[in-house]
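The values are calculated or read from the model by the stated rules, or taken from the named source; none is laboratory data. These figures come from a predicted structure and were not determined experimentally. Every residue, glycine among them, receives a Cβ derived from its backbone with ideal geometry; neighbour counts consider all protein chains shown. Heavy atoms of the whole protein, side chains included, go into the accessibility calculation; ligands, DNA and RNA do not. Shrake-Rupley method; radii C 1.70, N 1.55, O 1.52, S 1.80 Å.
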Amino acid sequence: MTTYLAFLRAINLGAKRVFPKEDIRRVVEGVGFEDVETHINTGNVRFASRMRSRERIERTLEDAFLADRGFEVPSIVYSAAEFREVARQTRELAEANPGLARHYVYLLKDELTPERIAEIEARDDGRGRMVVRGRAVHALLQPGYQDGTVDPLGAAKLLGAATNRNANVIGTLAEKWC
């Protein structure tokens, strides 16, 4: 059995896309995954599976979530080893960029093309910059970026299916689950 982490996109953002963590756990267990655990109510779930295909796991989760909730729930899955590497890169970038106001990590369903990576990383405008590392894109935001804005560099629309977490959540989840 391999341990995986799934990050659910666009849940609990309003009255129509409610998906409490207890229900997430129930649905994930219902499709046969084991050792299911959730963290806070933003769509972070850890589980074990004999499945080896990330795409198949994502499809299984998305089909089950749609059947249970009646709306699509994009799911981005990492093995524990892959996520441990995301957390290591997050720490490394934080240490190399002291004084950041915010550090968001966009978790991607698919890797980006070299052309798309160049386009995203070119969005450095003094308020911050984007750094692509595999299926994770780091928004390194300096003091003075527009407070309350997660995507002041306008890069999120270039990422494909993705969801973001702040650097603290990435570190907490890696420590807790990896």
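Numbers at a glance
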| item | result |
| --- | --- |
| Cα point-scatterer Debye curve for the range 3-130, base-10 log of I(q)/I(0) at q = 0.19 Å⁻¹ | -1.11 |
| Computed Kirkwood radius, in angstrom, where 1/r is averaged over Cα pairs of the range 57-168 | 14.9 Å |
| Cα-only radius of gyration and Dmax that characterise the range 18-69, units Å | 10.3, 29 |
| Residue-wise HN-Hα coupling along the range 36-52, computed from phi with Karplus coefficients 6.51, -1.76, 1.60 (Hz; x: Gly, Pro) | 7, 9, 10, 9, 6, 9, 10, x, 10, 9, 10, 7, 10, 8, 7, 4, 10 |
| Rounded Å value of the spacing that divides the Cα centres of the range 1-20 and the range 99-175 | 20 Å |
| Net charge dipole size for the chain [Lys, Arg +1 and Asp, Glu -1 on Cβ; Debye, nearest 20] | 140 debye |
| Cα shape, the range 47-110, gyration tensor, a/c 1.5 rule | oblate |
| Per residue, in Å², the accessible surface of the chain once ligands and nucleic acids are set aside, probe 1.4 Å | 49 Å² |
| Karplus-derived HN-Hα couplings along the range 56-61 (A = 6.51, B = -1.76, C = 1.60, θ = phi - 60°), whole Hz, x at Gly and Pro | 5, 4, 4, 4, 4, 5 |
